[in-house]
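The structure appears right after this line, and notes come after that.
The values are calculated or read from the model by the stated rules, or taken from the named source; none is laboratory data. Not measured: the values here are computed from a predicted model. In this analysis, Cβ positions are derived from the backbone assuming ideal geometry, glycine residues included, and neighbour counts consider all displayed protein chains. Heavy atoms of the whole protein, side chains included, go into the accessibility calculation; ligands, DNA and RNA do not. Shrake-Rupley method; radii C 1.70, N 1.55, O 1.52, S 1.80 Å.
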Amino acid sequence: MKSVLGLIGSLLLATASATLASEATRISWATATKGGGFQLFGEHLAEVINAADRRIRVETRVSGGSQENIRLLQAGEVDVGQVEGNAARIALAGIQQPAPNLKVLSVMYPNPGMFVVRADSSYQRIEDLKGQPVALGTEASGLRILANDVLGGLGLSPDEDFQPIILVNAAQGPKLVDERKAEALWGAGIGWPGFEAVADGSAGARFIAPLPEQIQQIIEAKPYLQEMTVPAGTYKGQDADIHSLGLWSLILARPELGDETAYRLARAIHLGHKELLRRLPQGRYTQVANTVKYVPATQLHPGAARYYQEIGLLPAVDKLVKVTPVGSHDGDFCRYDRALVFEDPDGTRLLYDAGRTVAGPDDPRLGSIDVVLVSHMHGDHVGDRHIPEVNAGECGAPEFSVGALPNTNSVNIALAKGATILTGSEMPKFFAAKLEALGGSPSQSQLVRFGASRKINGVTLTTVPAAHSNGIAGAMIGSKLGALLDAAGLTAYAGPPTGYVVIFSNGLKVYLSGDTGITAEQGTAVRDHYGVHLAVMNIGDTFTTGPREAAFVINDLVKPNAVIPSHANEQATANGGLIAGTRTDQFMQAAEVPVHIPLSGKSMGFDAQGRCQSGCE
């Protein structure tokens, strides 16, 4: 009787399992050619996902590689595809073609590119391989793009300086090296099968990567590449770390993949991480922490992002600091744009350097304002006049037909909004007198000196030194005194100009440079003491740091995680697109951190580490 019941139970269990399998959502998953790292990784990851969540069923598909996977995803022929980092960068950025609406589910692993040769060969440097037959990957492989970038950064052409061998499938490469039909095999990544096959061969392997000085040369030519390390012992006979360059390979999803399916895939990858690591050494890198670190939130699939938020590794939108440029023309970065509105997660709103592009206190873009920040008293920052409305005049020559003197635009806005004007030096007394003369309270003007701080709601603010001038023009003073100053060609003393460090309630620390040159305090105070994550850096030259000087401040002194350029004194964009050769373009090329152009009216959301999680291009 027991055996009969057991048989019935087994049959019921088998029937239930079969029913569950038939009801599982099937996922078509493109890997690459047989014998390559992508195909190996994809097969193992598919098994891990299927074991972690029985409601989805990943079915892998051999493909030509990254570039074919992008085409398959765009055509809707597969749901998910593995794509090498450089191929993904080109596709997601819409370089040379319209950007497909592909989204990222997860990172795979870093892909530092290098050559492998037989250990008994004489080749030691990349230059030694010039003129020799080298295997560079399959036709549609992203490895070929990486080879073009790394070798191109050294002034070498894979097609002209070498004898390129294009593989039918990745498994061919090691065999060609072993048979000496190819002197080297180009590849990338941790645990790459091609490298393992050569290293395990009878002759062993030697790896050839760019030298340290060559890495810097390549980065200057290809700044989007990242320095990466293959740890010692990754491959047989590899006794030391290997340093090279590459990008993270990604798992991309087609645009129409449902949010719930993407959520379940992201969850299964996360839950299966230990098992993937047990199977593959490169599996250590396929984890949520790396995904949210290296992939902008705007590129994540919404379903995956929801899961990452639920487990607390991706900040929710309501925990971001929102930064909204308030420029003269919608959707562009124009000549006199300085004004930014910062909104803390607790709702506190700060207006920084209103200048001339805020159309007075009634500008509908302002909303409520709690704090007005003024770096110094020059008219283009405090606001001696302003636009009558958005888009008045041209981006390169806005119309500033509304006068604001002797009150200034900043005072008028603070008075109308009931906001606090928070400044350093001798500026608070000036603003207090203006507010009182207009019927406001002088207590609305408050002082915060260097090294001190004030907290308004959840936001803490301090001033830091800036190297610039800070005179009050006679027209701002008015009366006979102002006329006498103007007649003498003098301005009134307002103390030194300032920058700000603002610490928001989510932990984000922002440096607002104001008009400044290069100062020691940008390293000692802004970087070392406050440890800012995001910088707003003036780049306009002549009156402030130029693009190259500003890049030095960012790269070598402040060292934030991202930067917003300001005070460019030019029309930097047209229809939202960067104009080549502008100061803004030069700054972007020289800066070593992400640069987010402040397009008027387009809000950006930053997390506690200064990473843009929404609204950034």
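Computed on the stretch 52-120, with alpha-carbon pairs under 8 angstrom and 6+ residues apart, the relative contact order is 21 percent. Peptides 334-341, 458-465 ranked from most to least packed give 334-341, 458-465, packing being the mean of other C-beta atoms within 10 angstrom over each peptide's residues. What percent does the relative contact order of the chain come to when contacts are Cα pairs within less than 8 Å and at least six residues apart? Value for the chain: 11 percent.
Taking Cβ atoms as reference points and 10 Å as the exclusive limit, the residues near residue 543 contribute a net charge of -3, counting Lys and Arg as +1 and Asp and Glu as -1. Spin-label model, residue 542 to residue 443: label points 7 Å out along the Cα-to-beta-carbon direction sit 4.5 nm apart. How fast does the chain diffuse by Stokes-Einstein, in µm²/s, taking the Kirkwood radius from C-alpha pairs at 4 °C and 1.567 mPa s? Using the Kirkwood radius from Cα pairs, D works out to 48 µm²/s.
Helix 212-221 and the longest principal axis of the C-alpha atoms of the chain enclose an angle of approximately 60°. When the stretch 511-617 is described by a simple charge dipole with +1 on each Lys and Arg Cβ and -1 on each Asp and Glu Cβ, the residue from 558, 526, 594 located farthest towards its positive end is 594.
Neighbours of residue 46, meaning other residues whose beta-carbon lies under 11 angstrom from its beta-carbon, give a summed charge of -1 when Lys and Arg score +1 and Asp and Glu score -1.
Between the stretch 557-617 and the stretch 161-234, the alpha-carbon centres lie 35 Å apart.
The share of accessible area on the stretch 206-326 that comes from carbon and sulfur is 50 percent, using a 1.4 angstrom probe. When both bridge partners sit in the chain, DSSP labels roughly 65% of those beta bridges antiparallel.
Got a number for carbon plus sulfur as a percent of the stretch 454-538's accessible area, 1.4 Å probe? In the stretch 454-538, the share of accessible area belonging to carbon and sulfur is 59 percent. Could you check the simple spin-label distance between residue 313 and residue 179, using points 7 Å along Cα→Cβ, in nm with one decimal? For the pair residue 313/residue 179, the computed spacing is 4.3 nm.
Relative to the Cα centre, the charge distribution of the stretch 91-232, modelled as +1 at Lys and Arg Cβ and -1 at Asp and Glu Cβ, gives a dipole magnitude of about 280 debye. About its Cα centre, the stretch 242-296 has a charge dipole of approximately 300 debye under the convention of +1 per Lys or Arg Cβ and -1 per Asp or Glu Cβ, with nothing else charged. Once the chain from residue 460 to residue 236 is taken as fully extended at 0.36 nm per residue, the excess over their C-alpha distance is 75.3 nm. For the pair residue 391 and residue 493, a Förster radius of 45 Å applied to the C-beta separation gives a FRET efficiency near 0.75, rounded to the nearest 0.05. Using a probe of 1.4 Å, the accessible surface attributed to residue 486 totals some 90 Å² when neighbouring protein chains are kept in position. For the stretch 126-277, the per residue solvent-accessible surface stands at 41 Å², with DNA, RNA and ligands left out and a 1.4 Å probe. For the stretch 227-325, a crude dipole built from +1 on the beta carbon of Lys and Arg and -1 on the beta carbon of Asp and Glu, taken about the Cα centre, is about 200 debye to the nearest 20. Measuring between their Cα centroids, the stretch 326-384 and the stretch 77-93 lie 39 Å from each other. Selection among 283, 576, 294 by position relative to the dipole of the chain gives 283 as farthest towards the positive end (Cβ unit charges, Cα centre). Protein-only accessible surface at a 1.4 angstrom probe places the residues 244, 157 in the order 157, 244, largest first. Over all directions, the projected convex hull of the C-alpha atoms in the stretch 470-614 averages 10.7 nm² in area. With both labels modelled 7 Å from their Cα along Cα-to-Cβ, the residue 484 to residue 299 distance reads 6.2 nm. Multiplying the residue separation of residue 362 and residue 125 by 0.36 nm and subtracting their alpha-carbon distance yields 78.8 nm.
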